[in-house]
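**Student:** Provided herewith is a single structure, encoded as C-alpha cells, for subsequent inquiry.
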Amino acid sequence: MTHLQAGLSPETLEKAKVELKENPDTLHQDIQEVRDMIITRPDIGFLRTEDAFILRFLRARKFNHFEAFRLLAQYFEYRQQNLDMFKNLKPTDPGIKQALKDGFPGVLSNLDKYGRRILLLFAANWDQSRYTFVDILRAILLSLETMIEDPELQVNGFILIIDWSDFTFKQASRLTPSMLRLAIEGLQDSFPARFGGIHFVNQPWYIHALYTVIRPFLKDKTRKRIFMHGNNLNCLHQLIHPEILPSELGGMMPPYDMGTWARALLDHAYDEEADYCPESYTLSVQDLEKDLEKDLSPKTMKRSQSVVEAGLLKRPDKVTSQEDNMKPLLALD
C-alpha cells in the first residue's frame with residue numbers, strides 16, 4: 001500500500017482492487033500516464049495536477065487512463081466555460097449559504113451498506129425568491145468538492161435521493177432545459193464522483209416530463225441508475241434500508257434537520273445574516289441553450305405523463321449498521 005492509499009480501510013482497499021482495478025504497485029505509473037496527456041490539451045488550464053488529485057479521476061473511471069484524463073479535462077473545461085459559477089465558490093457566498101440552509105444538499109450521517117454517502121434534496125424547499133437554481137447547483141458542487149477529499153468516498157461513491165413532495169408546477173417551470181443541461185454537464189460529465197443511484201420519490205407527472213427532456217443528455221450508465229419510485233417507499237427501502245433514512249422517507253431516523261450539513265460547512269458563520277437578491281446573480285446561459293431555447297410548457301409536459309415509474313429496481317440491500325457520527329469531512333480552502 002502506498003501513501004496515496006493510506007486513508008482507505010482494508011475493505012475499501014479490496015474493493016478498489018477488485019472493482020476499480022487499483023494496483024498499488026502501478027499507482028504512480030497510472031497517475032503519471034494521465035498527467036502526461038495534459039500536453040494534448042493546451043487550450044485548458046489544468047490548475048491542479050498533484051498525485052492525489054489525479055487519483056480521484058482514475059478511481060472515478062476505474063483506472064481507464066484515457067477516460068480518466070477526459071474527465072480531468074472536462075472538469076477544468078467546465079469551469080473555464082462557466083467562470084461566473086465558480087466565482088466565490090464558498091459556503092459563505094450569500095446564494096450558496098441560503099441554499100445550504102434549506103438543505104441543498106442534505107447529507108445523512110450514516111453511510112449505506114456499500115459505504116456510500118447519501119445526499120438528500122427536498123425539492124419543495126427551494127425558495128425561488130431568495131436564491132436561484134444555479135445557487136443550488138453551486139452548493140451541491142461545493143459540497144461534493146468537500147466530500148470527495150475523503151478517499152473512502154472516492155472509491156465507494158454517493159447516492160442521491162430527491163423527494164419531490166409538494167414541489168409545485170410553478171417551481172418546476174423555472175427548471176429550464178438549459179439549467180438542467182448545465183447541472184448534467186457539471187455532475188455527470190465533469191466531476192470525479194461515483195454515483196451508485198439517483199432516486200426520485202413522490203414525483204408528480206411534470207417531473208416525469210422534465211426527465212424526458214433531459215434523458216437524451218444522460219449516459220446509458222446514468223439512466224440505468226435512476227429509479228422512479230413515485231409514492232411507493234417500499235421500493236426505495238429495498239435498495240436503501242429504512243434504518244438509515246429519516247422519517248420523511250419512511251425511515252427509522254428522526255426527521256432530517258435541513259441545517260445539518262450547512263452547519264458543518266459554515267460553522268460559526270451559519271447564523272450570520274447576509275443580504276442577497278437572486279436577480280443579482282448573472283450567469284450567461286445563452287450559449288448552453290442552443291436548440292433548447294423553449295421553457296417547458298404545460299403542453300410539452302402533458303405529452304410525457306406516461307414515463308415508466310418503477311421498473312428499474314434491481315437487488316435489495318441488506319440491513320445496514322448505523323454510524324454514530326458523520327465522518328469528519330475536509331473543507332475547501
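The values are calculated or read from the model by the stated rules, or taken from the named source; none is laboratory data. In this text the structure is predicted, and so the values were computed from the model without any measurement. Cβ atoms come from the backbone with ideal geometry, glycine included; neighbour counts cover every protein chain shown. Surface areas here come from the heavy atoms of the whole protein model, side chains and all, with no ligands, DNA or RNA. Shrake-Rupley method; radii C 1.70, N 1.55, O 1.52, S 1.80 Å.
**Student:** Select from segment 241-260 the residues that are assigned to a helix (DSSP H, G or I), of a type outside the set (D, E, K, R) and within 14 Å of Ile118 (Cα to Cα) and write down the one among them that is most open to solvent (accessible area, probe 1.4 Å).
**Tutor:** Filtering first and then ranking leaves Thr260.
**Student:** Further, regarding this structure: Please determine, by comparing only the residues of segment 58-76 that are surrounded by 16 or more Cβ atoms within 10 Å (Cβ to Cβ) and of a type in the set (Phe, Trp, Tyr), which one is farthest from Asn156 (Cα to Cα).
**Tutor:** My answer is Phe76.
**Student:** Follow-up. Name the residues in segment 77-120 that are at positive phi and open to solvent by 10 Å² or more (accessible area, probe 1.4 Å), would you?
**Tutor:** The answer is Asn88, Gly115.
**Student:** Can we say Arg181 is in contact with a Leu (Cβ under 8 Å, 6 or more places away or on another chain), charged (D, E, K, R) and open to solvent by 20 Å² or more (accessible area, probe 1.4 Å)?
**Tutor:** Considered against the rule, which asks whether it is in contact with a Leu (Cβ under 8 Å, 6 or more places away or on another chain), charged (D, E, K, R) and open to solvent by 20 Å² or more (accessible area, probe 1.4 Å), Arg181 comes out as yes.
**Student:** Would you check if there is a residue in segment 33-54 being of a type outside the set (Phe, Trp, Tyr) and within 14 Å of Val155 (Cα to Cα)?
**Tutor:** yes
**Student:** Has segment 209-222 got at least one residue that is open to solvent by 30 Å² or more (accessible area, probe 1.4 Å), over 30 Å from Phe63 (Cβ atoms) and out of contact with any His (no Cβ under 9 Å at 6 or more places or on another chain)?
**Tutor:** The answer is yes; a qualifying residue exists.
**Student:** Cβ contacts < 8 Å: first residue within 19 Å of Arg61 (Cβ to Cβ), restricted to segment 1-23; second residue of a type in the set (Lys, Arg) and at pLDDT 95 or above, any location; separation 6+ or different chain. Result?
**Tutor:** Listed by first residue and then by second, the contacts come to Ala16/Arg59; Glu19/Lys62; Leu20/Arg59; Leu20/Lys62; Lys21/Lys62; Glu22/Arg59; Asn23/Lys17.
**Student:** Any idea how many residues of segment 197-238 are at pLDDT 95 or above, under 19 Å from the mean Cα position of the chain (by Cα) and farther than 23 Å from Leu175 by Cα?
**Tutor:** Total meeting the criteria: 1.
**Student:** Report whether or not Ile54 is hydrophobic (A, V, I, L, M, F, W, C) and either touching a Phe, Trp or Tyr at 6+ places or on another chain (Cβ under 7 Å) or over 24 Å from Leu8 (Cα atoms) (or both).
**Tutor:** When the stated conditions are applied, Ile54 does not pass them.
**Student:** Residue by residue through segment 2-57, note down the ones that are exposed (fewer than 12 other Cβ atoms within 10 Å of the Cβ), part of a helix (DSSP H, G or I) and among the β-branched types (Val, Ile, Thr).
**Tutor:** Those that are exposed (fewer than 12 other Cβ atoms within 10 Å of the Cβ), part of a helix (DSSP H, G or I) and among the β-branched types (Val, Ile, Thr): Val18, Ile39, Thr40.
**Student:** Applying the selection to segment 190-207, what residues are under 20 Å from Gly230 (Cα atoms) and open to solvent by less than 10 Å² (accessible area, probe 1.4 Å)?
**Tutor:** Gly197, His199, Val201, Ile207
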